[in-house]
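J.: Structure below; questions to follow.
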2 protein chains.
Amino acid sequence: MARLSFREQVLRVREDAIVSSVNRLLAEKGFDSMTVDEVAADVGIAKASLYKHFASKEALAAAAMVRVLQRALKVIEEQAAIPGASAFEQLRGVTRWTLQVQLAGEMPSLPAQNSTLRATLVGDKHYIDLVMEVSERLGQWIVQAQQDGSLTTALPAEVILYTLFARACDPVLGFLKAGNQHSDAQIVDWVLSTCLDGLAARR
Amino acid sequence: MARLSFREQVLRVREDAIVSSVNRLLAEKGFDSMTVDEVAADVGIAKASLYKHFASKEALAAAAMVRVLQRALKVIEEQAAIPGASAFEQLRGVTRWTLQVQLAGEMPSLPAQNSTLRATLVGDKHYIDLVMEVSERLGQWIVQAQQDGSLTTALPAEVILYTLFARACDPVLGFLKAGNQHSDAQIVDWVLSTCLDGLAARR
DNA sequence: GTCTATAGCCAGATAGAC
DNA sequence: GTCTATCTGGCTATAGAC
């Protein structure tokens, strides 16, 4: 990778601060309720300056998604580096991380229906590439875990993949946290169990 | 119940048409993307007339939620009337209905973060009463199913209740439907299985 | 690239005639 | 209660000076 000039480094640090704010605000309020004014105020720069870095509100959201996907990929690689870990354990590790991120208020939440946002996302090659990379990595583990008998074969791998992805926006975490009765670790364990073990008793 | 005058019946029919439109638009676009103009156009009346029936956009959403909760309660009572049905089977029946409603595009979706919307909802006694009634009915079945050994006792009843409620906004249904590869019945069966049986193999 | 100031638009809500 | 027309505020995005 080419070394960056000092000026480029400053730029990158600033953009990183912007994406951090966007990420947190998206997790807190969702895309529609988040305003660009808030982002600017949170970062501590003028709104017009934001638009020098990112073309639109949608582009801000896309940048936040890219970052969280990069974090996910890093976690996947960490799991892959654990010696002797089974595919099932690796999937469980990644899923646990996803739940922890959401519970920590660091998982951006985007509306599935917003069409201009979708257009920006599917037009963002960086984002699409990351989604596909994550899907393929998880998909391989899923097939492997089905073959070694630890994941059910009653469901297509596709259904399992989507179900794992959906943990990123599972509302049960928020319900339980709102009750203020349980520790974060306990909440994560329970939701992970609902996902992997299901609600029906295992005899 | 007192008989309604003709004028009151007309009013009620009109409000029912409004709530139907709101319900469908909320399912289609979500609360933030739905506009009151759209609702008025869909019903075929002027926007100002809408505001004679409902005080705000939030009140429209609350009315839609009340209606879907009334439908849910009716389904619960139908399940309760099935002779010889176990608590587990009754819970599964209600959950299946929830998934079917969502897949049919009839489940209103509200943002969990919007504070003015939440304020309207918690201030709506009719809504709150229905939520509590549904929760209590399901809660009894959950405890019963845990006692008879069909539902896991590794999770508190509260966690199971929230997990069942969350099926009303499970994004996996939409993912699978978007793929256009599977029948609605197949999709419902799969998602119901992820919920009750989990992803891990059952030996 | 940063700022202040503002354009332009859109959506929720209302005025007032009928 | 229904309508047309309008108000009002807030939001995205940009102009233009520095």
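Rule-based calculations on the coordinates, nothing more; no lab input. Owing to the predicted nature of the structure, the values given are computational and were not obtained by experimental measurement. Every residue, glycine as well, gets a Cβ built from its backbone with ideal geometry; the counts of neighbours run over all protein chains shown.
J.: Going by alpha carbons, how many degrees (0 to 90, nearest 10) lie between the helix axis of B:87-103 and the longest principal axis of chain B?
T.: 40 degrees
J.: Follow-up. Describe numerically, in nm with one decimal, the distance between label points set 7 Å from Cα along Cα→Cβ at B:Glu38 and at B:Ala85.
T.: Using points 7 Å along Cα→Cβ, the separation is 3.4 nm.
J.: At 0.36 nm per residue, and after removing the present C-alpha to C-alpha distance, how many nm does the segment from A:Ser5 to A:Leu73 gain when stretched out fully? Walk me through the numbers before you get to the answer.
T.: Numbers: separation 68, 0.36 × 68 = 24.48 nm, distance 2.74 nm.
Full-extension gain reported as 21.7 nm.
J.: Pull out the extension gain between A:Ala55 and A:Val143, defined as 0.36 nm times the separation in residues minus the alpha carbon to alpha carbon distance; nm, one decimal. Could you put the intermediate results ahead of the total?
T.: Details: separation 88, 0.36 × 88 = 31.68 nm, distance 3.97 nm.
Full extension from A:Ala55 to A:Val143 adds 27.7 nm.
J.: A follow-up question, please. Could you let me know the centre-to-centre spacing of segment B:154-185 and segment A:50-76, using Cα atoms, in angstrom?
T.: 27 Å
J.: Let me ask you something else. How much net charge surrounds A:Met34 when only the other residues with a Cβ under 14 Å from the Cβ of A:Met34 are counted, with Lys and Arg +1 and Asp and Glu -1?
T.: With Lys, Arg at +1 and Asp, Glu at -1, the neighbours total -3.
J.: Let me ask something else. Let me know the mean shielding of B:161-172 by other chains, meaning the per-residue number of their Cβ atoms within 10 Å of its Cβ. Walk me through the numbers on the way to the answer.
T.: Values: counts 2, 11, 11, 3, 3, 10, 0, 1, 4, 6, 8, 9.
Taking all residues of B:161-172 together, the mean is 6.
J.: What does the charge count near B:Lys52 come to, summing +1 for each Lys or Arg and -1 for each Asp or Glu among other residues with Cβ under 15 Å from its Cβ?
T.: On the way: positive: B:Arg7, B:Arg12, B:Arg14, B:Lys47, B:Lys57; negative: B:Glu8, B:Glu15.
Residues near B:Lys52 contribute +3 overall.
J.: Dipole of the protein assembly as shown, Cα-centred, from +1 at each Lys and Arg C-beta and -1 at each Asp and Glu C-beta, to the nearest 20 debye?
T.: Values: 42 positive and 46 negative charges, 88 e Å.
Taking the Cα centre of the protein assembly as shown as origin, the dipole is about 420 debye.
J.: Could you tell me which of rounded, prolate or oblate describes chain B, using a ≥ b ≥ c as the square roots of the eigenvalues of the alpha-carbon gyration tensor, with rounded for a/c under 1.5 and, failing that, prolate when a/b is larger than b/c and oblate otherwise? It would help to have the intermediate numbers written out before the result.
T.: Numbers: a/c = 2.09, a/b = 1.60, b/c = 1.31.
Prolate.
J.: Right, here's the next one. May I ask for the net charge around B:Leu192, where only other residues with Cβ less than 11 Å from the Cβ of B:Leu192 are counted and Lys, Arg are +1 while Asp, Glu are -1? Write out the running numbers ahead of the final one.
T.: Details: positive: B:Arg92, B:Arg96, B:Arg167; negative: B:Asp170, B:Asp189, B:Asp197.
That sum, taken over residues with Cβ under 11 Å, equals 0.
J.: Here's something else I'd like to know. Across peptide B:107-117, what mean number of C-beta atoms from other chains lies inside 10 Å of a residue's C-beta?
T.: Working: counts 0, 0, 3, 0, 7, 7, 9, 4, 2, 0, 0.
The per-residue average across the peptide is 3.
J.: Shifting gears a bit: Which of rounded, prolate, oblate describes the protein assembly as shown, given a ≥ b ≥ c as roots of the alpha-carbon gyration tensor eigenvalues and a/c under 1.5 marking rounded, otherwise prolate only if a/b is larger than b/c?
T.: Working: a/c = 2.04, a/b = 1.15, b/c = 1.78.
Verdict is oblate for the protein assembly as shown.
J.: Just order A:8-17, B:71-80 by mean Cβ neighbour count inside 10 Å, highest at the front, would you?
T.: On the way: A:8-17: 12.3, B:71-80: 15.6.
Going from most to least packed, we get B:71-80, A:8-17.
J.: Once you order the gyration tensor axes a ≥ b ≥ c over the Cα atoms, which shape class does segment B:93-203 get: rounded for a/c under 1.5, otherwise prolate or oblate by comparing a/b with b/c?
T.: Details: a/c = 2.16, a/b = 1.12, b/c = 1.93.
Because a/c hits 1.5 or more and a/b fails to exceed b/c, segment B:93-203 counts as oblate.
J.: Could you point to the residue in B:Leu25, B:Phe6, B:Val143 farthest towards the positive end of chain B's charge dipole, with +1 and -1 charges on the Cβ of Lys/Arg and Asp/Glu respectively?
T.: Selected residue: B:Phe6.
J.: In whole Hz, with x marking every Gly and Pro, tabulate ³J(HN,Hα) for segment A:132-146 from phi via Karplus 6.51 cos²θ - 1.76 cosθ + 1.60, θ = phi - 60°.
T.: 3J(HN,Hα) across segment A:132-146, in whole Hz: 5, 4, 4, 4, 5, 4, 5, x, 5, 5, 4, 4, 4, 5, 5.
J.: If contacts are Cα pairs under 8 angstrom and at least 6 residues apart, what is the relative contact order of chain B in percent? If you can, show how the numbers build up before the last one.
T.: Values: 159 pairs, mean separation 48.0, N = 203.
Relative contact order here is 24 percent.
J.: Given the peptides B:170-178, A:149-157, A:83-91, arrange them by the average over their residues of other C-beta atoms within 10 Å, most packed first.
T.: Packing proxy ranking, top to bottom: B:170-178, A:149-157, A:83-91.
J.: How many Cβ atoms of partner chains, on average, are near each residue of A:179-187 if near means within 10 Å of its Cβ? Write out the running numbers ahead of the final one.
T.: Numbers: counts 2, 0, 2, 3, 0, 0, 0, 2, 1.
The shielding value for this peptide is 1.
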